[in-house]
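Since the structure comes first, as structure tokens, the remarks are kept for the end.
The values are calculated or read from the model by the stated rules, or taken from the named source; none is laboratory data. Everything quoted here is computed from the prediction, not taken from an experiment. Quick reminder, even Gly has a Cβ in these numbers, built from the backbone with ideal geometry, and neighbours come from all protein chains shown.
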Amino acid sequence: MIIIGEKINSTLKAIRPAMESRDSAAIVDLAKRQYEAGASYIDVNAGMFYDEESEILQWLIETIQQSVKAPFAIDSPNAKAILAGLKANKNGKPIINSITGEKERFDSVLPLVTEYKTGVIALCMDDRGMPETAEERIEIAKTLIKRLAGEGVALSDIYIDPMVRPIGTGSHYGIVALDTIRTVKSEYPDVHIACGLSNISFGTPARRVMNQTFLVAAMYAGMDGAILDPLDKRLMTSLYAAEALLGIDEYCINYVTKFREGELEV
């Protein structure tokens, strides 16, 4: 499972002051704890700092990579900010988070993907807006995959985000996301899925329970990557158990190892 640690994000009130004050120790500690908890990538987002986004994104990457060797998911719709992050990066192949089918955004981000040979998260939306149905999302996903592949991006470097929406605002949104994941992964097995997991629970009580349940359902549908909180021990426990149940973790070796290391919350 490809785990993109979501915690270094300027939209989170708990971490924003550390970015504002350039608190290197706090940023490094959070990145390190996510990496040690199982994150494959560390997402870095400075989007709330509008005028300073490029500078703060560069600072985040330069600061974290001095102590943590995890690659980055450089999280911004702003090509200028993404470029600043790419230039600062020394931690191996990053993922750009993200591109969409919107013409302006696609045309500005694509050259960075091809020049720096990055992975890229592609959101299932275009100039028509955010689609309501699975059929619309699948159509957009197919178009994005074909366009990216046509520009030389390897299928294994494409991460489709099915655009998970809160179940509390529409009872169909869980099924829409799962159907999108299932179809895309079935038709393009080399393409990854990178789901913004916690979006499903926004506005509902006991969000962690909803996240855990959706994680398992999405993994069964074919999701092989997620933007999530690796410090949520119960969520990670569900992930390890699901990998074992789905045959991803042969002979439950990783599950048993995590249990022996005290990493499972039981």
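Can you name every one of the strands (runs of 3 or more DSSP E) wholly within the range 1-118 that holds 3 or more residues which are aliphatic (A, V, I, L, M)?
Working: elements: 2-9, 41-45, 72-75, 95-99.
Answer list for the range 1-118: 2-9, 95-99.
Kindly check whether there is at least one residue in the range 128-137 that is at pLDDT 95 or above, of a type in the set (D, E, K, R) and touching a Leu at 6+ places or on another chain (Cβ under 9 Å).
No: the range 128-137 contains no residue that is at pLDDT 95 or above, of a type in the set (D, E, K, R) and touching a Leu at 6+ places or on another chain (Cβ under 9 Å).
If residue 116 passes every condition in (1) touching a residue at least 40 places away in the same chain (Cβ under 8 Å); (2) closer than 23 Å to residue 78 by Cα but one, which one does it miss?
Every listed condition holds for residue 116 apart from (1).
Does at least one position in the range 250-264 carry a residue that is in contact (Cβ under 8 Å) with a residue 24 or more places away in the chain, β-branched (Val, Ile, Thr) and outside the structural domain of residue 71 (by TED's automatic domain parsing)?
Start the filter on the range 250-264 by keeping residues that are in contact (Cβ under 8 Å) with a residue 24 or more places away in the chain, which leaves 263-264.
From what's left, β-branched (Val, Ile, Thr): none.
Within the range 250-264 (the criterion being in contact (Cβ under 8 Å) with a residue 24 or more places away in the chain, β-branched (Val, Ile, Thr) and outside the structural domain of residue 71 (by TED's automatic domain parsing)), the answer is no, since none of the residues qualifies.
So, of the residues in the range 80-135 that are touching an Asp or Glu at 6+ places or on another chain (Cβ under 6 Å) and among the small types (Gly, Ala, Ser), which turns out to be farthest from residue 147 (Cα to Cα)?
So, considering only residues that are touching an Asp or Glu at 6+ places or on another chain (Cβ under 6 Å) and among the small types (Gly, Ala, Ser), the one farthest from residue 147 (Cα to Cα) is 88.
Hey, can you tell me all the residues within the range 211-220 that are buried (at least 22 other Cβ atoms within 10 Å of the Cβ) and either modelled with pLDDT under 95 or touching a Gly at 6+ places or on another chain (Cβ under 8 Å) (or both)?
214
If you scan the range 142-166, which residues turn out to be closer than 21 Å to residue 227 by Cα and buried (at least 21 other Cβ atoms within 10 Å of the Cβ)?
144, 158, 159, 160, 161, 162, 163, 164
Of the conditions (1) basic (Lys, Arg); (2) closer than 25 Å to residue 32 by Cα; (3) crowded, with 18+ Cβ neighbours inside 10 Å, residue 208 clears all except one; give me its number.
Residue 208 satisfies every listed condition except (3).
Could you pull out the residue among 160, 138 that is touching a residue at least 12 places away in the same chain (Cβ under 8 Å) and assigned to a helix (DSSP H, G or I)?
Among 160, 138, only 138 is touching a residue at least 12 places away in the same chain (Cβ under 8 Å) and assigned to a helix (DSSP H, G or I).
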